[in-house]
Amino acid sequence: MIKKTVIKKNSRNTVTHTKDTKLSIQFNLDGFSFCIINNSTKETSYFSEYVFNEKQLTPESLLKKIEEIFKTDIHLQKDFSSVLVIHQNNLFSLVPNQYFSEDILSDYLNFNIKTLATDFIAYDDIESIHAKNVYVPYVNINNYLFQNFGEFEYKHHLTILIEKLISSNNSNEKKVFVNVSKENYDIVILQNKELQFSNSFNFQTKEDFIYYILFTFEQLKLDVEEIALFFTGDIEPESEIYKITYQYIRNVAFLESNNKIFNELDASKHSNYILLNS
């Protein structure tokens, strides 16, 4: 029997659905979220986030959770003009264009993770950094979503994160961005709209959390007293991971969204950055 999935937050407004809408879905082993965007106004009309009672250990158990959500959430049982699916996992590797070949996709990943011969490997073209993001999508979930929507676009979450950060960053100064999820986070470092560093790390404790951040600062010779660090995602000022970061890094802030949907949400404006930043 499947344990009931918890709705963490959703919009209070009532959606008047038209077919001229875009659906964006993001999921990982800890949860599932989606938003609906009106193509005419370019505004987000609805958002919902589901948190699983426990982390799913396999793509198969994740699919069962997603099937449960689709059966019960009427907002997902509509027709959409386009659908974007975002796979969030650590099964990726960034490859500069000059070193990229479609013939050896698994080789790029084998430097970081163990792949299976049966794994389907995809890649995103990140034009702004002249690189490819090679990753393993959850094919079983793609197949299920194809049955629901037909053709759709899918990308890796780090692709979306890098694209959004570069697009919105107009500073010449080097900046560190940390996008936090329940048990992992992404670090992206930019300067002059150029990517200096990007990686993802798992953590269990606040000590794990600060260790990888400080290690990154040390390896890249960044000054903890000077460099600005911006948080997005699942982190709040009262959390232990924020407090320990502020003990070691002085210039810490949150990167907030201007998306009007936050007026309808009981959520911080820096949360759900990949889906809701605008």
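Okay, here's what the table says:
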item: Whole-number Å³ per residue for the convex hull built on Cα positions in the range 137-278; result: 134
item: Under 15 Å, Cβ to Cβ, from residue 232 - net charge with Lys/Arg +1 and Asp/Glu -1; result: -2
item: Packing rank of 114-121, 23-30, 201-208, where each peptide gets the mean count of other beta carbons within 10 Å, highest leading; result: 23-30, 201-208, 114-121
item: The range 62-208 - Rg over Rh from alpha carbon coordinates, Kirkwood radius; result: 0.99
item: Inter-part distance where the range 37-60 and the range 216-278 are each reduced to a Cα centre, Å; result: 21
item: Listed pairs 78/269; 132/175; 114/182; 42/260 exceeding 18 Å between Cα atoms; result: 78/269; 132/175; 114/182
item: Cβ charges +1 (Lys, Arg) and -1 (Asp, Glu), total dipole of the chain, debye; result: 640
item: Cα convex hull of the range 27-73 - mean projected area over all directions, nm²; result: 3.7
item: DSSP bridge orientation in the chain - percent antiparallel, rounded to nearest 5; result: 70
item: Convex hull (Cα only) mean projected area of the chain, reported in nm² to one decimal; result: 15.3
item: Per residue value of the accessible surface for the chain (all protein chains in place, 1.4 Å probe), Å²; result: 51
item: Reach of residue 243 by Cα under 12 Å, taken over aspartates and glutamates that are not fewer than 8 positions away in the same chain; result: 207
item: Whole-percent pair-distance distribution, where bins are 10 Å wide, for the alpha carbons of the range 161-236; result: 18, 55, 26, 1
item: Apportionment of accessible area to carbon and sulfur, the range 53-162, percent (1.4 Å); result: 51
item: Sum of side-chain charges, residue 202 neighbourhood, beta-carbon under 9 Å (Lys, Arg +1; Asp, Glu -1); result: -2
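The values are calculated or read from the model by the stated rules, or taken from the named source; none is laboratory data. Just so we're clear, the structure is a prediction, and the values are computed from it rather than from any experiment. Because the Cβ atoms are built from the backbone with ideal geometry, glycine has one as well, and the counts that use them run over all protein chains shown. For the accessible areas, the whole protein counts, side chains as well, though only heavy atoms, and no ligand, DNA or RNA atoms are used. Shrake-Rupley method; radii C 1.70, N 1.55, O 1.52, S 1.80 Å.
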